[in-house]
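Computed from the coordinates by the stated procedures, all read-outs in this text should not be read as laboratory data. Only a predicted model underlies this, so the values are computations on that prediction, with no experimental measurement involved. Note: ideal-geometry Cβ built from the backbone for every residue, glycine included; neighbour counts use all protein chains shown.
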Amino acid sequence: MKYNSILKPFFIALSLFIVVSSARVIDRTDLEDFPTRSSYYQKRDVVDFRNSGSKTTSTSVTTTATATSKPTNRPKPTSAPSSRPEDIYGGVGITAQNGVIGALLIVLGLYLMVFGFRSFRITLGVCGFLTFGLITWVAMANNQPYYGYVNNDITIIAVPFGLGILGAIIYALFWNISIYLVGALGGFTLAMYILCCKVNLLITQVVARAALLVALPFFISFVTFFAEQYVLLFTFAFVGSYCFIVGVEFLAHTGYLAGIKSILDGNPYHQVVYVISRNVIILIAFIPILFLISFGWQFMYNKGQKFGVIFVEEKPAAKAAPKDGPGDPGPVKKDEPHIEEKA
């Protein structure tokens, strides 16, 4: 599989899109609901005419207009980090959104762990769905106003899901490019796992953290060109294991999701505290265990197989071998003695 000349600009465009979508954009109109002026005061001071020579004073009448706006019970926006489960998972208990996302990630993770390398178009579609869906969610979460979007609970799931379907189609059609982006997805997932292995993230500096999130995907994507089979086996096994554990996290609420949000969600109203508890350690430990099991299974199950479209050159058909039996006696020359059968 040869390098396509379109890879370089495509990678540049993808990296710019990730940087732009993950930028911490803050709309100043969403910072606080400032009350409107609803009262008008007209007042005149007591005019002392003594200085002007008058013996009388005049007092003005003060008119006050009652405010027509009613106070609201909505809390004021705050950017203080929170450790409450409703701020981490978007609600109290297991919400409908948690159930849908958790079930979807568990199913996709199991598929990648078991049949990721065996299939081709379906696996590329799954990776495209995860990539486009994640980028869309990051962009929406970073630009989300304090009180959310219109129909926020549906919008925050439906839009990434729709663009994820688009990404699946693109990855399945343009396989000669997307096969390297699959390797980049594996590098990005590995960077996420490394960062979440410590309280308040392994790398605290934002610039250094962003450098790791960009450099590791590009490196794994570059290595894919030289060791395609092993890199793809690693990607399917690790991404599948990570998706499966994150799907379980949406249902178990151990607190591991706070680390993911601390990395990807820079919205000042979504700041959360990442604490590594015993349950979080269990999830972190299970990811490499599932990865090793999946990698070993897929390596043995697909031994001798290659991932992707294989072009086979047509060879000219070989001549058929002569059949067993007496050969052709050849022409008979009359001037040579020969045996004649007597009647």
- Task: Rounded, prolate or oblate: pick one for segment 76-179, where a ≥ b ≥ c are the square roots of the eigenvalues of its C-alpha gyration tensor, a/c under 1.5 means rounded, and failing that, prolate if a/b is larger than b/c, else oblate.
- Result: prolate
- If each of S277 and V114 carries a label point 7 Å out from its Cα toward its Cβ, how far apart are those two points in nm? 3.1 nm
- For segment 151-187 and segment 100-141, what is the separation of their Cα centres, given in Å? 8 Å
- Task: Could you tell me what fraction of 2.2 N^0.38 Å the Cα radius of gyration of segment 95-301 comes to, as a two-decimal ratio?
- Result: 0.99
- Message: Can you give the FRET efficiency to the nearest 0.05 for A211 and E86, using r as the Cβ-Cβ distance and R₀ = 41 Å?
- Response: 0.80
